[in-house]
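First the structure, in the form of structure tokens, and then the observations on it.
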């Protein structure tokens, strides 16, 4: 049974997955829907949340062969009790594939210098620092200052204000407003006035997704040993536009080349995969998925894994995964099962190990079923002895940036784990940290 609800918001945390071929379009580069005419509301200082991307979640093609060109993959049915997605939200124009076809890239990727196949997608909300709403955030900035000045900190007020900010651009506007109005740093004030994983969650919110990504990359490679799960979460499955934004932000904040820093911290097995990922040469989601290219890459993957007696050819597999769009990976996943009667995920589990296996499986999961992937990752951060709090914080904040997606993740979590996500979080956390995580479930 299908379980997707309608997806009216942006992809989770900038992953940028779209349905082919009729996707929800983007607003013109450099902005969001006009902000100046927000209606006044008595219950909320924010305008009704628009769908900055307007892209429904990617869906599976039908079983049993390829659909006609122009219909890959079809929309799945929503979760029970919710209407199906049937139109691009937010008034954005549809963004279909380009006319004609794109050529096959050499060795699984496009020529050096640019991705292939269709017009490039603009950055996700929060990944263009110049795209700020015109909403007045002075009231929220004053509430934050009141919560931290004087003796004692009003933790409940901090949660109330920061968790209510509707999206990443508004958070960036709030941070600028606070810093400019009070001649202080919101980030530094939060660092000083709070502690523990509660502080980590507040900082992740206040930084917004772009700055948080840059900090997480630095955190994951700083010190002894690589924090592989965090590095995977940030860098794998990202759109070209968002990856460029992360690399630029990292350089601005830390004065270093992110690709070089990541490469130097990884072992030989995963170094090549991340080198391909950081080249920013993925096929765009606006590109058509062509059956002959799917067939070619399915055979290449089989020959590089099960079809060889000399160990998996990691370079070939890395190229296919790093340079393919999410739509292409979904098609490859389906066709591999049809042709070789095995799940591609099972092949990855058998043929690879350690960080390489985890990275490839996450790339596939995010392409095939991003909602379930996020639900699975949240469960992974809480199961077993001891909660992996750092992962729980970063994954909850990441999903929270798109409220519609967060709701879908909660439904998927209940379906697959027979538990309510807020109740599960309450059982694994405590105090203000618990209150913040539960507030992000909404």
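Just so it is clear, none of the values below were taken in a lab; they were calculated from the coordinates. Since this is a predicted model, take the numbers as computed values, not measurements. Neighbour counts are summed over all protein chains in view; Cβ atoms, including those assigned to glycine, are modelled from backbone coordinates with ideal geometry.
Need one number: nm distance between label points at residue 160 and residue 145, each 7 Å from Cα along Cα→Cβ, rounded to one decimal.
Taking the two extended label points, one gets 1.9 nm.
How far is the Cα center of the range 121-191 from the Cα center of the range 335-381, in Å?
One Cα centre to the other: 37 Å.
Which value in nm describes the separation of the simple spin-label points at residue 341 and residue 191, placed 7 Å from the Cα toward the beta carbon?
Here the answer is 5.9 nm between the modelled labels.
Residue separation times 0.36 nm, minus the C-alpha to C-alpha distance between residue 176 and residue 390: what's the value?
My answer for the length gained is 74.4 nm.
How would the range 201-288 be classified by its alpha-carbon gyration tensor: rounded, prolate or oblate, with rounded meaning a/c under 1.5 and the a/b versus b/c comparison settling the rest?
Cα axes put the range 201-288 in the oblate bin.
Please give the contour-minus-distance gain from residue 415 to residue 254: 0.36 nm per residue of separation, less the Cα-Cα distance, rounded to one decimal in nm.
Result: 53.8 nm gained on full extension.
I need 285, 380 ordered by Cβ neighbour count within 10 Å, fewest first.
Lowest to highest Cβ neighbour count: 380, 285.
What does the extension gain come out to for residue 244 and residue 130, with contour length at 0.36 nm per residue minus their alpha carbon separation?
Going from the current span to full extension adds 39.6 nm.
What percent does the relative contact order of the range 373-442 come to when contacts are Cα pairs within less than 8 Å and at least six residues apart?
Relative contact order of the range 373-442: 32 percent.
Applying 1/(1 + (r/R0)^6) with R0 = 22 Å to the Cβ-Cβ distance of residue 261 and residue 315, what FRET efficiency is obtained, to the nearest 0.05?
Plugging the Cβ-Cβ distance into 1/(1 + (r/R0)^6) gives 0.50.
Going by average Cβ neighbours within 10 Å, how do the peptides 302-310, 141-149 rank, with the highest at the top?
Top of the packing list down: 141-149, 302-310.
Taking the Cβ-Cβ separation of residue 442 and residue 303 as r and a Förster radius of 45 Å, what is the calculated FRET efficiency to the nearest 0.05?
FRET efficiency, residue 442 to residue 303: 0.40.
So how far, in whole Å, is the C-alpha centre of the range 241-264 from the one of the range 290-322?
If we compute the Cα centre of each part, the gap is 29 Å.
Assuming R0 = 22 Å, can you tell me the calculated FRET efficiency for the pair residue 357 and residue 296, based on Cβ-Cβ distance, to the nearest 0.05?
That gives a FRET efficiency of 0.40.
If the label point is 7 Å along Cα→Cβ of residue 275, which residues in the range 212-252 have backbone nitrogen under 13 Å from it?
No residues fall inside that zone.
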